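The values are calculated or read from the model by the stated rules, or taken from the named source; none is laboratory data. The shown structure was predicted, so the numbers you read here are calculated from the model rather than taken from an experiment. Because the Cβ atoms are built from the backbone with ideal geometry, glycine has one as well, and the counts that use them run over all protein chains shown. These area figures cover heavy atoms from the full protein model, side chains too; ligands, DNA and RNA do not enter into them. Shrake-Rupley method; radii C 1.70, N 1.55, O 1.52, S 1.80 Å.
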Amino acid sequence: MKILVCISKAPDTTAKIAFTDGDTKFDENGVQFIVNPYDEWYALVRGLELKEANGGSVTVLSVGRVDTDPIIRKALAIGADDAVRIDADTNDALYVAKQIANYAKENGYELVLCGKETIDYNGSQVAGMVAELMEVPYVSLTSKLDVAGSTATIERDVEGGVELIEANLPIVISSSKGMAEARIPNMRGIMAARSKPLTVVAPIEASNATSVKNFSLPAAKTGCKYVDADNVQELVNLLHNEAKAI
Amino acid sequence: MSVLIYADSNNGSLTKNALEAASYGAQVAQAKGGNAVAVVVGTANNIEQLGNYGVTKVLHVSDTTLDKFDPQKIAHVMATAAKQEGSETIIFAHDYSGKSIAPRLSAKLDAGLVTGAIALPNGNIIKKAVFSGKAFAEVEVNTSTQIISVLPNSVDKVETGGTAEVVALALELPSTGIKVKETKKESTELSLTEADIVVSAGRGLKGPENWGMVEDLAKELGAATACSRPVADIGWRPHHEHVGQTGIAIRPNLYFAIGISGAIQHLAGVNGSKVIVVINTDAEAPFFKAADYGIVGDAFEVVPKLLAAIKELKA
Ligand SMILES: Cc1cc2nc3c(=O)[nH]c(=O)nc-3n(C[C@H](O)[C@H](O)[C@H](O)COP(=O)(O)OP(=O)(O)OC[C@H]3O[C@@H](n4cnc5c(N)ncnc54)[C@H](O)[C@@H]3O)c2cc1C
């Protein structure tokens, strides 16, 4: 089975969130970039497990500029066979999805795995768009995935429960917690990653359907009102009369 | 020009998120001088109630094959309805259903999509939370058709007292390679993203056997329960209760954080909550910086007292 895992570069979860250029750009100064956690922990690792069980290959794909290469190497160190970078700026989900769908279709991938969302733009968009552009099924928020022959068996999170789904390949999956356990690359993997192929391809023509105009930070909390542990009744009064929350 | 809204249902009833999306769509329609038209698929009762949130027409595709959730089919329904109604703005809720359908529709119509909107649009510009709630972005849609999904619990529902006409929409559905075999739901449980009040606890509770008081407090308040990531990872609580940057993001009216330190990744998923109450033995716990109300104290003493005081209030 040919498996394509789409990965995105994201700021570390502890990164300071600040903006430059009149609040129009994310301030990357001093920010450490990582593989987006859902892409790495779940999509990539489950892709590797399926390959280990059923044979085939795992390609990682990222749309981005040359500064994306370190996170691509990390995915190779974790175990992907080869990598592709589509050399373009990523300002709009539909633009990115068009690049991925075109590549996946041309190269006959049967299973396309994405994370459920990125932790920077929190879009939850690309995977579903790729599926529509490939005209194949899409299952979002997948927490379990198995493949036998050309059939995928899937558990998907829904409000207060799970849905059990059967679908034909090719398919696009967005991955969430439960699908796999994160793997830490070992020394051998890191060494091997240096010589694994990373192909850079040119993007296809497409336009941005959306663009970010500006960023802002939420207003800081004005301060915590403390209630004495021996006077819990007071907290209930405040929540009822002041906050009107209960 | 009409605004089209996808109104999701669960076991035949419209969801709270559906009513929020309807109200949001109706307000957009009013601002643009158009009508709000909702689409409901499959078996659903009491769909006229959408009128009370400003919808004037409900298109009902009653085909029962749609009782099994299939985003590919629903995207086709939405595209057909948008064409029929001449809709250039299409609204979803940013929930489990919306996240599956809206991206498909965006690609199908080649229309810009903004997910997780937290305010009404300003022309083509829509505000949403980014960086897991640590910042906001204003996003402009460059295409003539715009698709917006609304973050649950972020926009007030406006009741208009209006009525909606229900019209059957019959269309041929595409065949797709996907089949929902079964849905397992613990229907007694209040869903976490829809809940107005959430009672959440962390590693400070020491073990799963101590969650009784958390559940009792939640029950008394009509709240949903949640937990921090390590608590779900060690299996004290189910994974679907894990909130935070790598779990579920929620924004209830009221969030109780009991024995949770307030790590940046946890805060990211809950800092959209309107009121935050923190109960922690450690006065230095970072969560107090994000709190509105705090008690420095032992959860095992404070929570039972809190439960008693709330029972008294409700009595
Ligand atoms: C990439 C990444 C992603 C992450 N994503 C998430 C996420 O999505 N969600 C998440 O929650 N975490 C996430 N984490 C983990 C996060 O960093 C914290 O480790 C975690 O939130 C801590 O959980 P906790 O507060 O329950 O436990 P602890 O940090 O151990 O805190 C326990 C707290 O309980 C208090 N306490 C102890 N006893 C009592 C008592 N008797 N009464 C009252 N209080 C008491 C202590 O003072 C302490 O503050 C992530 C981490 C990483 C690296």
Query raised in the report: Given the conditions (1) crowded, with 24+ Cβ neighbours inside 10 Å; (2) in contact with a strand residue (DSSP E or B) (Cβ under 6 Å, 6 or more places away or on another chain); (3) small (Gly, Ala, Ser), and given that A:ALA88 satisfies all but one, which numbered condition is not satisfied?
Result: (1)
Report summary line: For region B:248-270 the number of residues that are open to solvent by 10 Å² or more (accessible area, probe 1.4 Å), under 15 Å from the mean Cα position of the chain (by Cα) and of a type outside the set (A, V, I, L, M, F, W, C) is 2
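Which residue is nearest to the ligand (Cβ to nearest atom), if the candidates are limited to region B:295-308 and must be surrounded by 22 or more Cβ atoms within 10 Å (Cβ to Cβ) and within 7 Å of another protein chain (Cβ to nearest Cβ)?
First, the residues of region B:295-308 that are surrounded by 22 or more Cβ atoms within 10 Å (Cβ to Cβ): B:295, B:299, B:302-303, B:306.
Now restrict to residues that are within 7 Å of another protein chain (Cβ to nearest Cβ): B:295, B:302, B:306.
Details: B:ILE295: 9, B:VAL302: 7, B:LEU306: 12 Å.
My answer is B:VAL302.
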Report task. Quick one: count up the residues across region B:219-230 that are more than 10 Å from chain A (Cβ to nearest Cβ) and surrounded by fewer than 22 Cβ atoms within 10 Å (Cβ to Cβ). Result -> 2
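Restricting to helices (runs of 4 or more DSSP H) lying wholly in region B:157-270: which have 3 or more residues that are within 13 Å of the ligand (Cβ to nearest atom)?
B:229-233, B:264-270
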Query raised in the report: Going through region A:203-229 one residue at a time, which ones are in contact with a helix residue (DSSP H, G or I) (Cβ under 7 Å, 6 or more places away or on another chain), touching a residue at least 24 places away in the same chain (Cβ under 8 Å) and within 7 Å of chain B (Cβ to nearest Cβ)?
Result: A:ASN208, A:ALA209
Report task. Could you tell me whether any residue of region B:286-294 is within 9 Å of the ligand (Cβ to nearest atom), open to solvent by less than 20 Å² (accessible area, probe 1.4 Å) and not hydrophobic (A, V, I, L, M, F, W, C)? Result -> no
Report task. Residues being open to solvent by less than 10 Å² (accessible area, probe 1.4 Å) and closer than 21 Å to A:ASN107 by Cα: count how many of those fall in region A:55-76. Result -> 9
Report summary line: Contact list, first residue from region B:240-258 and assigned by TED's automatic domain parsing to the domain that holds B:HIS94 and closer than 19 Å to B:GLU20 by Cα, second anywhere and more than 6 Å from the ligand (Cβ to nearest atom) and part of a loop (DSSP other than H, G, I, E, B), beta-carbon distance below 6 Å, six or more apart or interchain, is none
**Report entry** region A:121-141 residues that are farther than 20 Å from B:ASP95 by Cβ, paired with ones that are assigned to a helix (DSSP H, G or I) (beta carbon under 6 Å, 6 or more apart)
**Finding:** A:VAL130/A:ALA97; A:VAL130/A:ILE100; A:VAL130/A:ALA101; A:LEU133/A:ALA101; A:LEU133/B:ALA107; A:MET134/A:ALA101; A:MET134/A:LYS105
Query raised in the report: With respect to A:LEU145, is the statement that it is modelled with pLDDT of 95 or more and within 24 Å of B:ASP110 (Cα to Cα) true?
Result: no
Query raised in the report: Does region A:167-188 contain any residue that is under 30 Å from A:LYS25 (Cβ atoms), out of contact with any Phe, Trp or Tyr (no Cβ under 9 Å at 6 or more places or on another chain) and within 7 Å of chain B (Cβ to nearest Cβ)?
Result: no
Query raised in the report: What's the number of the condition A:ALA101 fails, among (1) in contact with a helix residue (DSSP H, G or I) (Cβ under 8 Å, 6 or more places away or on another chain); (2) open to solvent by less than 10 Å² (accessible area, probe 1.4 Å); (3) touching a residue at least 40 places away in the same chain (Cβ under 8 Å)?
Result: (3)
Query raised in the report: How many residues does region A:231-246 hold that are more than 7 Å from every other protein chain (Cβ to nearest Cβ) and touching an Asp or Glu at 6+ places or on another chain (Cβ under 9 Å)?
Result: 1
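Of all strands (runs of 3 or more DSSP E) completely enclosed by region B:41-123, which ones contain at least 2 residues that are open to solvent by 10 Å² or more (accessible area, probe 1.4 Å)? Reasoning before the result, please.
Details: elements: B:57-61, B:89-93, B:112-117.
Answer list for region B:41-123: B:57-61.
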**Report entry** A:GLY160 free of Cβ contacts under 8 Å to residues at least 40 places away in the same chain and either at the interface with another protein chain (Cβ under 9 Å from one of its Cβ atoms) or surrounded by fewer than 18 Cβ atoms within 10 Å (Cβ to Cβ) (or both)
**Finding:** yes
Query raised in the report: Since B:LYS305 meets every condition but one in (1) at pLDDT 95 or above; (2) over 14 Å from B:GLY202 (Cβ atoms); (3) assigned to a loop (DSSP other than H, G, I, E, B), which condition does it not meet?
Result: (3)
Query raised in the report: Looking at A:THR210, A:THR222, which is the one that is out of contact with any Phe, Trp or Tyr (no Cβ under 7 Å at 6 or more places or on another chain), β-branched (Val, Ile, Thr) and open to solvent by 70 Å² or more (accessible area, probe 1.4 Å)?
Result: A:THR222
Query raised in the report: Looking at B:LYS181, is it within 30 Å of A:PRO170 (Cα to Cα), free of Cβ contacts under 8 Å to residues at least 24 places away in the same chain and either more than 9 Å from every other protein chain (Cβ to nearest Cβ) or surrounded by fewer than 19 Cβ atoms within 10 Å (Cβ to Cβ) (or both)?
Result: yes
